[in-house]
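Contents: one structure, followed by commentary.
Please treat every number below as a calculation from the coordinates, not as lab data. Because the structure is predicted, anything quoted here is derived from the model rather than measured. Cβ sites come from the backbone with ideal geometry, for glycine too, and all protein chains shown count toward neighbours.
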Amino acid sequence: MTDVELIAACRQGSSRAQKLLYERFAGLMLSVCLRYLRRREDAEEALIVGFTKVFRALDQYRHEGSFEGWIRRIVVNEALGMLRRKEPLHMAIDDLTYDVPATAAEAESQLNAADMLALLADLPAGYRTVFNLYALEGYTHPEIGELLGISEGTSKSQLSKARGMLQRRLAVASAQARPASTSSPKELYATGRY
């Protein structure tokens, strides 16, 4: 069944179509919720409430843009609402210091997707939220500002701080993932691996 057929059946009140629509998009939308909310229970609650809103607003969908994108927007808004209720969304201040400088993207190649998501989930709420909205959802800084009730400059600042913190954490994780070298400093220098 295509999305258009599924939407039409849902609008007619078909519980089978509603179940199919939920099953088609729930996994993807749960992963979206998990990027904003640390606890799985909160993410699942946001998902369920989000889908309730999707079903109630289905008559408002105008087939402009992708249906998945329309659902995602509703679910993201619900996850943000839950985040505001559950976790203070004050914009975090990076008071942690690391001795590891920010590195290039090569550190990412040594980590799998689950490790990357864990690093992202560990960011302070403000950093994580702005990073998700900008880098993963494709929102602009003015849109983020409007969604979160912050200025465009604060959004840009939070994104910059989130990237810096992620780069430092990637460098630490990458260094821990690398096998320890048994070469002497002289051998490392001779080979350029110092």
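Computed log10 I(q)/I(0) for the stretch 3-86 at 0.26 Å⁻¹: -1.26, from the Debye equation with unit scatterers placed on every C-alpha and solvent omitted. In terms of surrounding Cβ atoms within a 10 Å radius of their Cβ, Ile144, Ile48, Ile150 rank from fewest to most as Ile48, Ile150, Ile144.
Here the 3J(HN,Hα) profile of the stretch 134-149, calculated from phi with Karplus coefficients 6.51, -1.76 and 1.60 at θ = phi - 60°, is 7, 7, 9, 9, x, 6, 8, 4, x, 5, 4, x, 5, 4, 9, x Hz, Gly and Pro shown as x. Restricting the calculation to alpha carbons of the stretch 43-88 gives Rg and Dmax of 11.3, 36 angstrom. As a rough footprinting exposure proxy, the listed residues Thr129, Thr154, Thr52 were ranked by other beta carbons within 10 Å of their own, and the order from fewest upward is Thr52, Thr154, Thr129. For the stretch 105-180, the Kirkwood hydrodynamic radius comes to 13.0 Å, computed from all pairs of different C-alpha atoms. Under a model in which nothing but the beta-carbon of Lys, Arg (+1) and Asp, Glu (-1) is charged, the stretch 3-86 shows a dipole of about 320 debye around its Cα centre. Multiplying the residue separation of Lys19 and Lys156 by 0.36 nm and removing their Cα-Cα distance gives an extension gain of 45.4 nm. Across the stretch 114-122, computed HN-Hα scalar couplings (Karplus, 6.51 cos²θ - 1.76 cosθ + 1.60, θ = phi - 60°) run 5, 5, 5, 5, 5, 4, 5, 5, 7 Hz from first to last residue, x flagging Gly and Pro.
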